[in-house]
1. Could you run the Karplus curve 6.51 cos²θ - 1.76 cosθ + 1.60 with θ = phi - 60° over the stretch 45-50 and give me ³J(HN,Hα) per residue in whole Hz, x for Gly and Pro?
2. Sum up the charges of everything whose Cβ sits under 12 Å from the Cβ of Lys45, counting Lys and Arg as +1 and Asp and Glu as -1, but leave Lys45 out.
3. Only four residue types carry charge here, +1 at the Cβ of Lys and Arg and -1 at the Cβ of Asp and Glu. Report the dipole size of the chain about the Cα centre in Debye, rounded to the nearest 20.
4. Once phi is turned into ³J(HN,Hα) by the Karplus curve 6.51 cos²θ - 1.76 cosθ + 1.60 with θ = phi - 60°, what whole-Hz value does each residue of the stretch 55-62 show in order, with x for glycine and proline?
5. For the chain, what does the helix formula give at 222 nm: sum of -39500 (n - 2.57) over DSSP H segments with n ≥ 4, over the residue count, nearest 500 deg cm²/dmol?
6. Taking the inverse of the average 1/r across all pairs of different Cα atoms in the chain, what Kirkwood radius in Å do you get?
7. Highest mean first, how do 26-34, 62-70, 45-53 rank when packing is the count of other Cβ atoms within 10 Å averaged over residues?
8. Straight-line reach from Lys45: which lysines fall under 28 Å, measuring Cα to Cα and dropping same-chain residues less than 8 apart?
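All of the numbers you see were taken from the coordinates with simple rules; none came from a lab. Just so it is clear, the structure is predicted and the values come from calculations on it, not from any experiment. Positions of Cβ are generated from backbone atoms using ideal geometry, with glycine treated the same way; all protein chains shown enter the neighbour counts.
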Amino acid sequence: MKKFLAAIVAVLVVTAAFATVFAANYVGNANSRKFHVGNCASVGKMKPANRVNFNSRDEAIAAGYVPCKRCKP
Ligand SMILES: [Zn+2]
């Protein structure tokens, strides 16, 4: 029973860690006014100075950014 509980706790910890990593996974380009999912190829090519992080899709749209046609965020 203790092992079972330890397994549940481990799953929760891993899930929380992933949620933290993927929480801010929208990146806008201040220059092009487009936003991308964090793993879009365009994000890697973007100049760090133009990077704007968004916590949600709605946040990016509210800021006037349009979704990228490649990664379709
Ligand atoms: Zn993109």
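1. Each residue's phi maps through the Karplus curve to give 7, 5, 5, x, 5, 8 Hz.
2. +3
3. Values: 11 positive and 2 negative charges, 59 e Å.
For this selection, approximately 280 debye.
4. Going residue by residue, I get 7, 8, 4, 4, 5, 5, 5, 4 Hz, with x marking Gly and Pro.
5. Details: 3 runs with 33 residues, N = 73.
Value at 222 nm, helices only, nearest 500: -13500 deg cm²/dmol.
6. Values: mean 1/r = 0.0734 Å⁻¹.
For the chain, inverting the mean 1/r across all distinct Cα pairs yields 13.6 Å.
7. Working: 26-34: 18.9, 62-70: 13.9, 45-53: 11.7.
Result, highest mean Cβ count within 10 Å first: 26-34, 62-70, 45-53.
8. Candidates past the 8-residue exclusion: Lys34, Lys69, Lys72.
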